[in-house]
Amino acid sequence: MTDASSERAGAVSGSANRVYPEDVVISGQRYTSREFMELEMDRLWPRVWNIGAWGGEMPQPGDFVTHQLGRESILMVRQADGGVKAFHNVCPHRGNRLVYADHGSVDRFTCTYHGWEFEHGGAVVHVQDAEDFPQGNPCGKLTLSEIPCEEWAGFIWYNMDVNCFPLSGFLGEVKDYFEMHDPAAAKRVYYKVCEVDFNWKALHDNFCESYHLPATHPEISDYFDDDYKNTDFELYETGHNLMKMKGALPSLRDSQPFELNDKLRADMQAWGLSESEFAGRAHAIRGALQAQKRKLGAARGFDHVATLPDAWLTDAFHFNIFPGASITFQLDVFTLQRCEPHPTDPNKSIYEHWGMALKSNDSDMVFGPEGPVEWREAERRVVKYGEETLSAVADQDLERATGQQLGFQSRGFKGAYLSGQENRVQQFHNFIDRYVNNEG
């Protein structure tokens, strides 16, 4: 064994904090059954905190965003005091959909059916023929149906359960990690949405395991160590989980794991490291980059380097927020990917990909999922799957999930046979059943 190989072997440090038993058989029916879909819509989604919007897209009073979740539509509105309120997007008069736009800004919301008007806080402020209501004038009496809403870590969160657990309790350990970073200072520089031909859980399963990386994403092996034995997994009793995958450390599956490559050279150049010191020692770059980012980060505008652990300066911290959001953090960028249920078809779902970035002091360009972009809030772009990329890695994941959905409909699939490193998939399904069985 060479010196480099010995050093690398001595630094293996993977771990998992808990293992979930097979309380649930992960069968194809869970992905194809309309009955199971209805259980989720009735007992799961209305009882969890969901990310409805990005705070940066609604900066001024009267700015609003709507979020479609299955058959539900939620209206979030920026208030005069800077806060955000969320409402069911329905007129209390006769049940008409109140707002049809994805986003916008208004002085008042006006129902298209009978012209009822609502102020930003949800109260009815004008109705036609107010004197003609036997129950009394709706103005000052009726309001939109308000639900819990919080702005935190740059995201707008809501919960359809008015008696829900507070957001901080729902997030649990994840909250402590997010607060080490500086997500609220970022801008969302990438925002694409599309309908896809698979159940929402198929993609979230994918995000709950790294076992697929060598076969599905072989191109990342020159930068990330995809070996589960050198990866840390944290699984929480909130249903959330975290994978810490070491970056700036080529996988031993890579053809030249100890040699410099273009990705490593780019990082070294960006942070002032000399290539000559690391010839044949690519495994040593991770630690050197961490030290250099710790030294120079604040001067470049990344003040949060003071609160991040060393690993977060180079590695990917991949959080799965139960039930449907996956957020991956690095030092200066983070992404959100999620699939949410289709309104009527369990074999389809709505996929979203957001890319957020913090800007350094010396450039107005940042990295998005498809490459360098200007540091500005991106417009929502609805695309047709297969006709436009959703980023190279995301395209690969979506292709695999589409193929899985076909297999889930086969009589030959008897249920998942999971490896240990796929235990987060089991955790995910166990928690789904806690909710659909009214145990959550």
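For the charge dipole of segment 28-151, defined by +1 on Lys and Arg C-beta atoms and -1 on Asp and Glu C-beta atoms about the Cα centroid, which residue among 56, 68, 128 has the Cα displaced farthest towards the positive pole?
In segment 28-151, that residue is 68.
How far is helix 423-436 tilted off the main Cα axis of the chain, in degrees rounded to 10, range 0 to 90?
Once rounded, one gets 10 degrees.
Can you spot the lysines whose alpha carbon is less than 28 Å from residue 384's alpha carbon? Ignore those fewer than 8 places along the same chain.
187, 192, 201, 348
Mind giving me the FRET efficiency for residue 146 and residue 103? R0 is 22 Å, r the Cβ-Cβ distance, nearest 0.05 is fine. Don't skip to the end; give the middle numbers.
Working: r = 19 Å, r/R0 = 0.88.
Efficiency at R0 = 22 Å is approximately 0.70.
Give the list, by residue number, of cysteines in the chain with no other Cys Cβ closer than 4.7 Å, or say none.
139, 149, 164, 194, 208, 339
How big, on average over all directions, is the shadow cast by the Cα convex hull of segment 50-163, in nm²? Kindly include the intermediate steps, with their values, before the conclusion.
Working: hull surface 29.2 nm².
Value for segment 50-163: 7.3 nm².
For a quick check: with amide H placed at 1.01 Å from N, whose amide H comes under 5 Å from residue 155's, ignoring anything fewer than 5 positions away on the same chain?
Counting only residues 5 or more places away or on other chains, the set is 55.
Just how large is the dipole of segment 172-262 about the Cα centre, in debye to the nearest 20, putting +1 at every Lys and Arg Cβ and -1 at every Asp and Glu Cβ?
On the way: 9 positive and 19 negative charges, 56 e Å.
Using only the charged Cβ atoms, the result is roughly 260 debye.
In the chain, with Lys and Arg counted as +1 and Asp and Glu as -1 at Cβ, which of these residues, 304, 291, 9, has the Cα nearest the positive end of the dipole, that is, farthest along it?
Selected residue: 9.
Within 11 Å, Cβ to Cβ, of residue 17, how many net charges do the neighbouring residues add up to if Lys/Arg are +1 and Asp/Glu are -1?
Details: positive: 18; negative: 173, 232, 234, 237.
Once positives and negatives cancel, what remains is -3.
Please report, in cubic angstrom per residue, the volume enclosed by the convex hull of the alpha-carbon atoms of segment 267-364. Show your work: numbers first, answer last.
Details: hull volume 13.4 nm³, N = 98.
Per residue, the Cα convex hull of segment 267-364 comes to 136 Å³.
Count the net charge of all other residues whose Cβ sits under 13 Å from the Cβ of residue 281, scoring Lys and Arg as +1 and Asp and Glu as -1. Each step should come with its number before you reach the end.
Details: positive: 8, 286; negative: 3, 7, 259, 275, 277.
Neighbourhood net charge equals -3.
Only Cα pairs under 8 Å and at least 6 apart count here; give the relative contact order of the chain as a rounded whole percent. Don't jump to the answer; show the numbers that get you there.
Details: 862 pairs, mean separation 93.2, N = 440.
Computed value for the chain: 21 percent relative contact order.
Please arrange 227, 315, 433 by counting, for each residue, the other beta carbons lying within 10 Å of its beta carbon, fewest first.
Numbers: 227 20, 315 25, 433 15.
Ordered from fewest to most neighbouring Cβ atoms within 10 Å, 227, 315, 433 come out as 433, 227, 315.
Go through segment 147-163 residue by residue and turn each phi into a ³J(HN,Hα) via Karplus (6.51, -1.76, 1.60, θ = phi - 60°); whole Hz please, and just put x for glycine and proline.
10, x, 8, 9, 9, 7, 6, x, 9, 9, 10, 9, 9, 6, 8, 5, 9
With an 8 Å cut-off on Cα pairs and a minimum separation of 6 or more residues, tell me the relative contact order of segment 33-104 in percent.
Numbers: 92 pairs, mean separation 16.5, N = 72.
Relative contact order comes out at 23 percent.
Please list, in order along segment 388-397, the HN-Hα scalar couplings obtained from phi with the Karplus expression 6.51 cos²θ - 1.76 cosθ + 1.60 (θ = phi - 60°), rounded to whole Hz, x for Gly and Pro.
Computed from phi, the couplings for segment 388-397 are 8, 5, 10, 4, 4, 5, 4, 4, 5, 5 Hz.
Could you tally the net charge around residue 154, taking each other residue with its Cβ under 11 Å from the Cβ of residue 154, Lys/Arg +1 and Asp/Glu -1?
Working: positive: 187, 188; negative: 57, 151, 182.
Result for the neighbourhood of residue 154: -1.
So what is the relative contact order of segment 50-163, in percent, for Cα pairs below 8 Å that sit 6 or more residues apart? Could the numbers behind the result be given before it?
Numbers: 247 pairs, mean separation 29.9, N = 114.
Relative contact order here is 26 percent.
Residue 90's amide H: which non-local residues (gap 5+, or another chain) put their own amide H closer than 5 Å, with H modeled 1.01 Å from N in plane and none for Pro or chain starts?
98, 145
For residue 321, enumerate residues with amide H under 5 Å from its amide H, sequence gap 5+ or separate chain, H modeled in the peptide plane.
The answer is 326, 327.
Let me make sure I get this right: for segment 172-316, a, b and c are the square roots of the gyration tensor eigenvalues over alpha carbons, sorted descending. Under 1.5 in a/c it's rounded, otherwise prolate if a/b > b/c, else oblate. Which is it?
Working: a/c = 1.77, a/b = 1.23, b/c = 1.43.
Cα axes put segment 172-316 in the oblate bin.
Using a Förster distance of 25 angstrom, determine the FRET efficiency expected from the C-beta separation of residue 279 and residue 6, and round it to 0.05. Show your work: numbers first, answer last.
On the way: r = 18 Å, r/R0 = 0.70.
Here the calculated transfer efficiency is 0.90.
Mind listing the phi-derived Karplus ³J(HN,Hα) values for segment 13-19, rounded to whole Hz, using 6.51, -1.76 and 1.60 with θ = phi - 60°, and x for any glycine or proline?
Listing the rounded values in order: 8, x, 7, 9, 8, 7, 10 Hz.
If every alpha-carbon in segment 100-216 counts as one equal scatterer, what log10 I(q)/I(0) does Debye give at q = 0.17, 0.24 1/Å?
Once normalised to I(0) and log-transformed, intensities are -1.16, -1.34.
The numbers here are math on the coordinates, done by the rules we state, and not lab data. Keep in mind it's a predicted model, so treat the numbers as computed, not measured. Counting neighbours? That spans all protein chains shown, and the Cβs are built from the backbone with ideal geometry, glycine included.
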